[in-house]
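In what follows, a structure is listed as structure tokens, so that the remarks can point back to it.
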Ligand SMILES: [Zn+2]
């Protein structure tokens, strides 16, 4: 598929005829083209003249030949072109059958003359073929089923039929895919890297342990008191660059070293973005802690997160209020706006409906209008 630059497109039906023809040319005007079309661009004979033609499916030509005569090129309801095929009396004789303009495979004169081979050219100024192409490249590679059997030369009876042996799913690699894999090129990549940033309420970090692990050993593991999240606050204690960043901004300049359980400054050139997973408002404190984490820079302890203007609050919710983050349902407006980056319309409506039924909104109509 060739996609033209915007100022070279052929957007309308009038552009088709000079580019694509589905007619047999007059041999007196252009004998070379006449020979090429006769040799390469005539479909068939198929149909009743040649039932065994490969195009025949259920006694009909699967390619739709013969097409209908038309005096003008047009585009049908679905956007497919119907090429001009005039009833000019011209025909090409193949296997004793006279094939007229209804059997011409659409071609481009220039390409046909240059490459001297069967080149079917179609005008597809519509979204459908693009959708089809993307579907097609995701279908996976071509496959063939191959079996090599010894020919039965003796008079022994045929061996029993082995259905499993008969069905071998052999994968076919084209030359370009094979060389791509031999050279170990990337098959896919993602950029930039996204670092998932866990967080938790005080003393509520996840602990993973096996069924038979000794509980004292588990609790004394060095990782116990050093989650990725608490290591962030530790890093804030000793690094002033760290204190310039919110938690979600942290991976842009710092890397979490899993073996040492601590954050270290990122080497120049590296880059990643952070993502704090979404939390439902119904989880209460965890939800309010997340709101604070998206705003606060450099807290060194949980108490820092709870403290606003020198006053320490007991809950993250109160701290949110003290920061003015919850006035006028701001957190719900922000929650819907944030969800809109990834959620469908259906999801957003459900989210809003959930907020309504939880009776947490003070001014629902304001939240509605703002989002
Ligand atoms: Zn056919």
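No value in this document is a laboratory result; all are computed from the given coordinates. Just so it is clear, the structure is predicted and the values come from calculations on it, not from any experiment. Heads up, the Cβs are rebuilt from the backbone with ideal geometry, glycines too, and the neighbour counts pull from every protein chain shown.
Rounded to the nearest 0.05, the FRET efficiency derived from the C-beta distance between residue 213 and residue 178 at R0 = 30 Å is 0.05.
Between residue 122 and residue 52, full extension at 0.36 nm per residue minus the direct alpha carbon distance yields a gain of 22.6 nm. Using C-alpha pairs below 8 Å separated by at least 6 residues, the relative contact order for the chain is 10 percent. A Förster radius of 41 Å, combined with the Cβ-Cβ distance separating residue 82 from residue 188, puts the computed FRET efficiency at roughly 0.55.
FRET efficiency for the residue 370 to residue 60 pair, using the beta carbon distance and R₀ = 56 Å, is estimated at 0.40.
Sort the chain into rounded, prolate or oblate with this rule: let a ≥ b ≥ c be the square roots of the eigenvalues of the Cα gyration tensor; rounded if a/c is under 1.5, and if a/c is not under 1.5, prolate when a/b is larger than b/c, oblate otherwise.
prolate
Annotation: for a label point projected 7 angstrom from Cα along Cα→Cβ of residue 206, residues of segment 289-313 with backbone N closer than 18 Å are 290. Helix 31-40: angle to the longest alpha-carbon principal axis of the chain, degrees 0 to 90, nearest 10? With rounding to tens, the tilt is 70 degrees. Extending 7 Å from Cα along the Cβ direction at residue 307 and again at residue 40 yields two label points whose distance is 8.1 nm. The long axis of helix 228-238 is offset from the longest Cα principal axis of the chain by roughly 60 degrees. Peptides 235-243, 2-10, 16-24, 201-209 ranked from most to least packed by the mean count of surrounding Cβ atoms within 10 Å: 16-24, 235-243, 201-209, 2-10.
Label-to-label distance for residue 342 and residue 115 is 4.4 nm, based on points extended 7 Å past Cα in the beta-carbon direction.
For the Cα trace of segment 6-134, dividing Rg by the Kirkwood Rh returns an Rg/Rh value of 0.97. Stretched out straight at 0.36 nm per residue, the stretch from residue 276 to residue 360 would grow longer than its current Cα-Cα span by 27.9 nm.
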